[in-house]
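Colleague: Once you've had a glance at the structure underneath, I'll fire off some questions.
Values in this text are rule-based calculations from the coordinates and carry no lab data. Keep in mind that this is a model prediction, so the values were computed, not measured. Glycine also receives a Cβ, built like all others from the backbone with ideal geometry; neighbour counts cover every protein chain displayed.
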Amino acid sequence: MKYIVVLGDGMADEPLSQLGGKTPLEYARTPNMDRISKLSEIGTAHTIPEGMKPGSDTANLAVLGYDPKEFYSGRSPLEALSIGVPMKDTDIAIRCNIVTISEDEVPFEEKTIIDHSSSEISTEDCAVLLREVESRLADETYQFYVGTSYRHCLIWNCGRVVELAQPHDVLGQKIGQYLPKDQALRDMMRKSYDILVNHPINEERKKRGLNPANCCWFWGAGTRPKLSSFEEKTGKKGMMVSAVDLLKGIAVGAGMGVALVEGANGGLDTNYAGKVDAAVRALTEEGYDFAYIHLEAPDEMGHQGSVEKKVRAIEYLDQRVIGPLVERMEASGEAFRLLVLPDHPTPIRIRTHTPDSVPYMLYDSARPLRHVWNYNEREAAKAGNVTAQGYKLIDRLFEESEK
């Protein structure tokens, strides 16, 4: 038996008047998930423990079977693992987004945060910008490391965990009240704006109608993570397929394999076929028991507040991942169990995460069920299957098919 998770990051949402009172998941054309749902168990899972912030870090840890209250030590340290940062026990890792803030207001504190992803800037362009910041601001205490797209890392030697605002939580708001209380971090953010605002890459981006990547934003501070081995915990050899450093870092910390997929970028135009290829190859040729396919685009479109693009992201997940994945696994002759779910909701209305329960769909190719439902938030809630502690849902996936 092979085991697969397809994770549509932030895919869950609320009913929207623009969609006739349907959620994006209800409204989207998803013939593959509609077909499989009739053969599957559906239900809801609560992936965010009470009292914890609703983030992809805590939620994906839970989906992978790690209780976030036990294993979570901060978001950025997990990403640091992915990009090979040699963290010491005394280091603090901090996420360094390069974001878009408004350019007209003075003083700096009066500026507004416009875009947490700088129009989903490419890794190549953003690396040039980060290197410019690094050349002016890095020292023995603060070191910068390039990640993916707008997502990078700052290591604070002998630092401390400080409270920092998530940029996607404060879009459209003046930044003053959300800047770090730590003066050194606050000063670096202000100086990064001065360094980047007139950079040639940003001047060119504005000419092309793209948001400039004009300021570093620090958040997600934490200490070096200590995850137990996924294989020792579950008895399954696992492979992570994701464009996002956070997910790859969780996999590194858990001793899982990490697939490197060319063209996987976390956006709407990611290499879907390459992700499916990597997962199927891992399961059918490379001796892996478990594959985790992570798709970031629904979350990004939720943060952007785009109904149209979020619906499209869900349709791409169905058409370009679920459909070919199931077809190829069936053709391989391998029996498999497939779990489809979001990690958390990212409602269009508020453009950030919520801690609400998420819908899941669990399909067993060896024991297809017979139902009339479709997979979406409303019908999953009606089905009555509830996993109150989300980190236990993976146990349902790994149950033997004959049970």
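Colleague: Just need the Rg to Rh number for the stretch 1-75, please, alpha carbons only, Kirkwood Rh.
Modeller: We get a ratio of 1.03 for the stretch 1-75.
Colleague: Between the alpha-carbon centers of the stretch 69-121 and the stretch 210-253, tell me the distance in whole angstrom.
Modeller: Rounded to whole Å, the Cα centres lie 14 Å apart.
Colleague: Can you list residues from other chains, or at least 5 along the same chain, whose modelled amide H is less than 5 Å from the amide H of residue 336?
Modeller: It is 2, 365, 366, by chain and number.
Colleague: Subtract the Cα-Cα distance of residue 378 and residue 273 from 0.36 nm times their separation in residues, and report this length gain in nm to one decimal.
Modeller: Length gained between residue 378 and residue 273: 34.8 nm.
Colleague: Excluding residues fewer than 8 places away in the same chain, name every one of the lysines whose C-alpha is closer than 21 Å to that of residue 38.
Modeller: Counting by Cα, and skipping residues close in sequence, residue 38 has these lysines nearby: 2, 22, 382, 403.
Colleague: Residue by residue, what Karplus-based ³J(HN,Hα) values in Hz, rounded to whole numbers, does the stretch 142-151 have, using 6.51, -1.76 and 1.60 with θ = phi - 60° and x for Gly and Pro?
Modeller: 10, 10, 9, 9, 6, x, 10, 6, 8, 9
Colleague: Right, next: Set Lys and Arg Cβ to +1 and Asp and Glu Cβ to -1, take the dipole of the stretch 92-222 about its Cα centre, and tell me which of 183, 221, 107 lies farthest positive.
Modeller: 221
Colleague: Across the stretch 92-222, how many lysine pairs, 8 or more positions apart or on different chains, have C-alpha atoms separated by under 18 Å? Please give the number.
Modeller: 6
Colleague: Also, quick follow-up: For residue 1 and residue 198 in one chain, what is 0.36 nm times their gap in residues minus the Cα-Cα distance, to one decimal in nm?
Modeller: 65.4 nm
Colleague: Shifting gears a bit: Mind ranking 269-278, 76-85 by how tightly packed they are, going by the mean number of other C-beta atoms within 10 angstrom, highest first?
Modeller: Answer by packing, highest mean first, reads 76-85, 269-278.
Colleague: Could you name the lysines in cross-link range of residue 226, using Cα to Cα under 18 Å and dropping any fewer than eight places away on the same chain?
Modeller: Cα-Cα hits under 18 Å: 69, 88, 248.
Colleague: Another question, then. Once the dipole of the stretch 288-403 is set up with Lys and Arg at +1 and Asp and Glu at -1 on Cβ about the Cα centre, which of 391, 353, 325 lies farthest towards its positive end?
Modeller: Of the options given, the answer is 353.
Colleague: Through the Karplus equation 6.51 cos²θ - 1.76 cosθ + 1.60, θ set to phi - 60°, convert the phi angles of the stretch 77-91 into ³J(HN,Hα) values in whole Hz; use x for Gly and Pro.
Modeller: x, 5, 5, 4, 4, 5, 8, x, 6, x, 5, 8, 4, 8, 7
Colleague: Expressed in nm to one decimal, what extension gain is obtained for the pair residue 396 and residue 226 from 0.36 nm per residue of sequence separation less their Cα-Cα distance?
Modeller: Separation in residues times 0.36 nm, less the Cα-Cα distance, equals 58.7 nm.
Colleague: Which of the aspartates and glutamates could be linked to residue 275 by a straight reach, that is with a Cα gap under 14 Å, when you skip same-chain ones fewer than 8 residues away?
Modeller: Cross-link targets: 262, 296, 318.
Colleague: Taking amide H positions as placed in the peptide plane 1.01 Å from N, state which residues far from residue 171 in sequence (5 or more) or on other chains have amide H under 5 Å from it.
Modeller: Here nothing satisfies the definition.
Colleague: Sticking with this one: Under the Karplus relation 6.51 cos²θ - 1.76 cosθ + 1.60, θ = phi - 60°, what is the ordered set of whole-Hz ³J(HN,Hα) values for the stretch 226-236, x standing for Gly and Pro?
Modeller: Coupling constants for the stretch 226-236: 9, 8, 7, 5, 4, 5, 5, 6, 10, x, 10 Hz.
Colleague: If amide hydrogens are placed 1.01 Å from N in the peptide plane, which non-local residues have theirs closer than 5 Å to the one on residue 115?
Modeller: Answer set, sorted by chain and number: 100.
Colleague: Something else now. Arrange the following residues from fewest to most other Cβ atoms within 10 Å of their Cβ: 341, 268.
Modeller: 268, 341
Colleague: Which number comes out as Rg/Rh for the chain once both Rg and the Kirkwood Rh are worked out on C-alpha atoms?
Modeller: So for the chain, dividing Rg by the Kirkwood Rh gives 0.97.
Colleague: Residue 389 to residue 187: FRET efficiency via 1/(1 + (r/R0)^6), r the Cβ-Cβ distance, R0 51 Å, to the nearest 0.05?
Modeller: With a Förster radius of 51 Å, E is 0.75.
Colleague: Report the GluC sites (Glu not before Pro) located in the stretch 355-403 that are in a DSSP loop and have at most 16 other Cβ atoms inside 10 Å of their Cβ, or state none.
Modeller: Within the stretch 355-403, the qualifying GluC sites (Glu not before Pro) (loop, at most 16 other Cβ atoms within 10 Å) are 399, 400, 402.
Colleague: With +1 assigned to the C-beta of every Lys and Arg and -1 to the C-beta of every Asp and Glu, and no other charges, what is the dipole magnitude of the stretch 92-222 about the Cα centre in debye, to the nearest 20?
Modeller: 140 debye
Colleague: Could you compute Rg(Cα) / (2.2 N^0.38 Å) for the stretch 92-222, with N its residue count?
Modeller: Expressed relative to 2.2 N^0.38 Å, the Cα Rg reads 0.95.
Colleague: Right, something else. Nearest 20 debye, what's the magnitude of the dipole of the chain about its Cα centre given +1 on Lys and Arg Cβ and -1 on Asp and Glu Cβ?
Modeller: It comes to approximately 440 debye.
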